[in-house]
Amino acid sequence: MTAGLIVHDPRGYPPKVTGKRLAPRLQGLDGKTVCLVDCLFDSSDLFMEQLRAWFAENLPLVETTVIRPRESWVDDPEMRARVAARGDAAILGVGL
């Protein structure tokens, strides 16, 4: 008895990737606003609040604001615009 075997390649076709330069490094954070972006993963809201408390205790001259997208895994141009308009830097929190 002969059985056929079908093998699928899970690698698919990788997208073309174009490299971009990193944002310029800030000289310091004093007097700056850091946007803490809660990416809506499990427990990322708790992590962002802990990070906000850390900044308040250790870097009191840095203002922090928590920003959330409308939904997870979907590009949110309005959220990116808020980060660009309000923040000097951003930290993305993806949870645990």
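The values are calculated or read from the model by the stated rules, or taken from the named source; none is laboratory data. Source: prediction; values computed, not measured. Backbone-built Cβ (ideal geometry, glycine too); neighbour counts: all protein chains shown.
Quick notes on this structure:
- Every residue from the range 31-84 that is surrounded by fewer than 14 Cβ atoms within 10 Å (Cβ to Cβ), part of a helix (DSSP H, G or I), among the charged types (D, E, K, R) and within 15 Å of the chain's Cα centre (by Cα): GLU78
- Selected residue (only one of LEU46, LEU92, LEU29, LEU96 is modelled with pLDDT of 95 or more and either on the phi < 0 side of the Ramachandran plot or of a type in the set (A, V, I, L, M) (or both)): LEU29
- Residues that are under 15 Å from ASP88 (Cα atoms) and either in contact (Cβ under 8 Å) with a residue 60 or more places away in the chain or not polar (S, T, N, Q) (or both), drawn from the range 26-54: LEU26, GLY28, LEU29, ASP30, GLY31, LYS32, VAL34, CYS35, LEU36, VAL37
- Odd one out for GLY19, checked against (1) surrounded by 10 or more Cβ atoms within 10 Å (Cβ to Cβ); (2) not in a helix (DSSP H, G or I): (1)
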